[in-house]
1. Checking the conditions here, which among 158, 134, 192, 149 is closer than 24 Å to residue 51 by Cα and surrounded by fewer than 15 Cβ atoms within 10 Å (Cβ to Cβ)?
2. The conditions are (1) in contact (Cβ under 8 Å) with a residue 40 or more places away in the chain; (2) touching a strand residue (DSSP E or B) at 6+ places or on another chain (Cβ under 8 Å), and residue 12 fails exactly one of them. Which is it?
3. Restricting attention to the stretch 1-48, and to residues there that are part of a loop (DSSP other than H, G, I, E, B) and in contact with a helix residue (DSSP H, G or I) (Cβ under 6 Å, 6 or more places away or on another chain), which single residue is surrounded by the fewest Cβ atoms within 10 Å (Cβ to Cβ)?
4. Can you tell me which residue among 120, 100 is surrounded by fewer than 18 Cβ atoms within 10 Å (Cβ to Cβ), closer than 26 Å to residue 2 by Cα and over 14 Å from the mean Cα position of the chain (by Cα)?
5. Before we move on, is residue 129 modelled with pLDDT under 95 and under 20 Å from residue 79 (Cβ atoms)?
6. Looking at (1) touching a strand residue (DSSP E or B) at 6+ places or on another chain (Cβ under 7 Å); (2) under 19 Å from residue 133 (Cβ atoms); (3) surrounded by fewer than 18 Cβ atoms within 10 Å (Cβ to Cβ), which is the one condition that is false for residue 89?
7. Sort through 168, 142, 183, 115 and tell me the only one that's loosely packed, with under 14 Cβ neighbours inside 10 Å and in contact with a helix residue (DSSP H, G or I) (Cβ under 6 Å, 6 or more places away or on another chain).
C-alpha cells in the first residue's frame, strides 16, 4: 500500500490518497479543490472505494460532494458530526470564510470504535475527540500509519476553541489512543508534515507529562 498527501483548499488541509496494489484507494478528508483532486485520481488510474472524514470541519469537507458524485462512493463520518456537514455554524465555515460550506448528508455513520472493512482495506477506528466531538483517527496496522486528522500534529495538537472543542479531552484522546500505538507508527496529520508517535512522545511540548 502507499499514501499520498495533497494539501487542498483555503487552509491547505491535507487530503490523503491511501491506495493498494490493485489501485483501489480511500480518499481521506477531501477539503477543497475538487477538480484538482479528481484529476489526480484519474491520472493515477486509481479506483476510489470510499471517502473517510476524520471530522467535519469545513476545511476537511469542501470537496466531498463533487468527489462523491464523480466516483459514486460512500461518505463516512462519525455519528456525532452527521449534522455538521450541512451546518456552517457547526463546521466552522461561517466564522472563517465569506461564504459558507454545506455538504450533503453522509452515507455511513461511524457508530463506535472498531475495525472497518472497505474493499480490501482494513482500518481500525479510534475515537479521538477534543478538537471536535466526533473526531476519529484511522489506523492501518499493516502499514504502520495513522490518519490523525487535527488531533495530533508534528510538534503541536489541534485547536480546541471551536464549537465542541475541549483541551483536556483532546490531550486524553492523544494519550490513550494515539500514544499507545507502536512508537514507529507514522502520524499523517490534517495539516503540516508527517511525524511519528516516538517523535511526539519525546518532543511535543503540549504532551509534556505523558
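The values are calculated or read from the model by the stated rules, or taken from the named source; none is laboratory data. Owing to the predicted nature of the structure, the values given are computational and were not obtained by experimental measurement. We place every Cβ from the backbone using ideal geometry, glycine too, and count neighbours over all the protein chains shown.
1. 192
2. (2)
3. The selected residue is 11.
4. Result of the check over 120, 100: 120.
5. no
6. (1)
7. So the residue among 168, 142, 183, 115 that is loosely packed, with under 14 Cβ neighbours inside 10 Å and in contact with a helix residue (DSSP H, G or I) (Cβ under 6 Å, 6 or more places away or on another chain) is 183.
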